[in-house]
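Colleague: Starting off with a structure, shown below.
The values are calculated or read from the model by the stated rules, or taken from the named source; none is laboratory data. Computed from a predicted model, the values in this text were never measured in an experiment. Every residue, glycine as well, gets a Cβ built from its backbone with ideal geometry; the counts of neighbours run over all protein chains shown.
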Amino acid sequence: MIYSGKTLSVDVLPSGTAQLTFDLGGSSVNKFNQATLLELQEAVNALRTSQARGVIFASAKSTFIVGADITEFTAMFKSSEAEIKAWLVQTNAIFNAIEDLPMPTISLLNGTALGGGFELALATDYRVAIASAVVGFPEVKLGIIPGFGGTVRLPRLIGADNANQWISSGAHIPADQAFREGAIDAIVDAAQLIAAAEKMIAQCVEGKHDFESVRQVKQSPLTLPPVELNVAFETAKGLVAAQAGLNYPAPITAVKTMQKAALSGRAEALLCEHDGFTKLATSEVATNLVQMFLNDQFLAGKAKQHLAGARSIGQVAVLGAGIMGGGIAYQSALTGTPIIMKDIAQAGINLGLAEARKQLDKRVSRGKLTRDGMIDALSNITLALDYAGFERVNFVVEAVVENPKIKKSVLAEVEAELADDAIIATNTSTISVDELATALKRPEQFCGMHFFNPVPVMPLVEVIRGEHTSAETISTTVAFAKKLGKTPIVVNNCPGFLVNRILFPYFGAFSQLINDGADFRQIDKAMERFGWPMGPAYLLDVVGIDTAVHAQAVMAEGFERMRLNFTSAIDKLFESGAYGQKTGSGFYLYQADKQGKPRKMPNPEIDALIAGVHSTQRPFDDAEIVERMMLAMCLETGRCLEDNIVETAIEADMGLVLGLGFPAFRGGALRYVDSMGMKSFLMMAEKYSKLGSLYQPTEKMLASNATYYK
């Protein structure tokens, strides 16, 4: 044995080849933490003076290396730029030493190799992978760029065009594509990885493979003529800037970094990478996106805790077909859980089945599902106009019309058809779970399960705990949501639950701005520049003006601060029957494009439709619009946390990101408050306190200067 550590070891195979094996203790995957990097440095130093004829880098886990340990390095990102750069130089010295070893080197990619894991593989001379391996650089999704030589070695291996696309997109690249484009040298069966590597090393020793020339390519300037290089990078910058937008600087920084380093050797090129990485790592955007990554892990951990207490689900049913029921049936069928889709009318059944077919067709057309797979999924959906077979159902999602009287009737009816231990979940967006539970004999086996529309696209599911809901019911519902591929967040019952309770103060602020004389078009543009995927007027059109009016009434009944004492623009549109996308007109007009998707256009009649809703007329600047809109939302988010509607700031913020599209680069409403500081936030609230209770902080907020994220 050449080296033995706690995270990796180096053995000598009978052929004389050394095998460095990563095996991080206490973890199901390998990742680069400080301990692993230190041991890697020691192992490489030992290899440099060994008699090994080659070195194989392998993993004892089911994957190769998934990247850096983000939980460990986030603290480092709070350091000064000089300290971060010094760390980069020190770490890259290890990867350079691997590339400079006096014997041929090969990485065996037995699964995922991302970020730093793929950078290690690029530092070796060759890469051999199994067919299911995946490689790539997801760093831009964390607001940074590769920092261990990825922007230097990849373009020299696969060309500028491919490297620009790989790194700026953060995409996971399958092994066959990586092989075609030159990042992987061979694909073999898992059982043949070691044998294939030893054969390649033997060929290097015999002079059949010139590994020194491979190194020379990776350490030299790019070989394209300057004019072609300029075209490659300038074209990429235009495309990447358009796709990423101004609020996500990492993708364009990656392209600019590779362009700046294109005509340099390894040493100078790495300095360019260090500069780009350091500037991004110390930014607010990177801080927030890294927190988003940690938030995802936190939610996954909470969901995992529920799995132990969850009951096994065999047969599911959804009551109410249509678009929502069809979407739920599609998700269940696709993941292999048989589902009965019941409606009281054949038209509803037809609509639900058409929705499920449409979603499955999309997957087939995108190569994500075979025709046989589609047939298998459809066979998991049973259509029903009655309750035949419901005695075998152990989990029901009720998704009928959003009317408490109708829902209560349906819930009582279906409970009588089910086995005593069956769970019922209501897909309601506003109606009290406790109120609906009064219709049931077994309220402990009832909860809310709020899907967001469109079901196949929106990742969030709110699991609503009622007063009598059992822990087993919550755990089983969480487990079912996870099985559907969704992210569940458990919340307590109140009007609007979590997401809608927070959304309607935001809509209330929008209505108040218009009442005070603001133009909805300016409000939309201001909030989109802030980072929202769509402004509030556009969002209302998508949600449905009729739906918004109904929900607004529920929220106003539950919370006095959400009552409007004036006729709003939303009310005017509702009265005229202009419900948004569903009717083709609302704040905007909508016309189907060639793909059948609604295209937003100006509505020439809108000003006449909402005439009279302005109590005054005055100009607004974008800053005031953003402050008023975000203040109402952030205050309500804080109230939800104080009222124990949700347990943690992470869950509150992730509900907004996953359920509403809150700009991830800002980290969520409470993270946004933390970024400005509670003192500054309260000063902003004081500026608008005359607008009413929607803008007034709670006593706890006023008494605290703490942060929501510790």
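Colleague: Listed residues ALA190, ALA171; which is more than 18 Å from TYR126 (Cβ to Cβ) and small (Gly, Ala, Ser)?
Modeller: Answer to the selection: ALA171.
Colleague: Can you pull out the residues in region 341-356 that are out of contact with any helix residue (DSSP H, G or I) (no Cβ under 7 Å at 6 or more places or on another chain) and closer than 12 Å to VAL396 by Cα?
Modeller: Passing the criteria: only LYS342.
Colleague: Mind telling me which of the residues SER675, SER680 ends up being of a type in the set (S, T, N, Q), assigned to a helix (DSSP H, G or I), under 30 Å from LEU280 (Cα atoms) and within 24 Å of the chain's Cα centre (by Cα)?
Modeller: Residue meeting the stated conditions: SER675.
Colleague: Here's something else I'd like to know. In region 598-642, which residues are under 33 Å from the mean Cα position of the chain (by Cα) and at pLDDT below 95?
Modeller: Selection gives PRO598, ARG599.
Residue by residue, here is whether (1) in a helix (DSSP H, G or I); (2) modelled with pLDDT of 95 or more; (3) closer than 14 Å to VAL554 by Cα; (4) hydrophobic (A, V, I, L, M, F, W, C) holds:
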position: PRO505; (1), (2), (3), (4): yes, yes, yes, no
position: SER511; (1), (2), (3), (4): yes, yes, no, no
position: ILE514; (1), (2), (3), (4): yes, yes, no, yes
position: TRP532; (1), (2), (3), (4): no, yes, no, yes
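Colleague: For GLU234, which of the numbered conditions (1) within 19 Å of ILE145 (Cα to Cα); (2) buried (at least 16 other Cβ atoms within 10 Å of the Cβ) fails to hold?
Modeller: If we test GLU234 against (1) within 19 Å of ILE145 (Cα to Cα); (2) buried (at least 16 other Cβ atoms within 10 Å of the Cβ), just (2) comes out false.
Colleague: Looking at (1) out of contact with any strand residue (DSSP E or B) (no Cβ under 9 Å at 6 or more places or on another chain); (2) assigned to a helix (DSSP H, G or I); (3) surrounded by 15 or more Cβ atoms within 10 Å (Cβ to Cβ), which is the one condition that is false for LEU224?
Modeller: (2)
Colleague: If you go through region 700-710 one residue at a time, do you hit one that is among the aliphatic types (A, V, I, L, M) and in a helix (DSSP H, G or I)?
Modeller: yes
Colleague: While we're on this one: Go through region 1-97 and tell me which strands (runs of 3 or more DSSP E), entirely inside it, have 3 or more residues that are among the aliphatic types (A, V, I, L, M).
Modeller: Ranges flagged: 8-12, 55-59.
Colleague: Just for helices (runs of 4 or more DSSP H) wholly inside region 103-220: which have at least 1 residues that are out of contact with any strand residue (DSSP E or B) (no Cβ under 6 Å at 6 or more places or on another chain) and crowded, with 24+ Cβ neighbours inside 10 Å?
Modeller: Hits in region 103-220: 116-123, 150-158, 160-169, 193-205.
Colleague: A follow-up question, please. Taking region 455-478 as the search range and keeping residues that are buried (at least 23 other Cβ atoms within 10 Å of the Cβ) and over 14 Å from ILE424 (Cα atoms), which one is modelled with the lowest pLDDT?
Modeller: Among them, the one singled out is VAL455.
Colleague: A further question follows. Is there any pair linking a residue in region 164-177 that is touching a residue at least 12 places away in the same chain (Cβ under 8 Å) to one that is among the hydroxyl-bearing types (Ser, Thr, Tyr) and surrounded by fewer than 19 Cβ atoms within 10 Å (Cβ to Cβ), with Cβ under 8 Å and at least six apart or on different chains, and which?
Modeller: From region 164-177, the pairs are ALA175/SER132.
Colleague: Only one residue in GLY485, GLY466 is under 22 Å from LEU641 (Cα atoms) and of a type outside the set (Phe, Trp, Tyr). Which one?
Modeller: GLY466
Colleague: For region 618-649, which positions are assigned to a loop (DSSP other than H, G, I, E, B) and surrounded by fewer than 14 Cβ atoms within 10 Å (Cβ to Cβ)?
Modeller: ARG618, PRO619, ASP621, ASP643, ASN644
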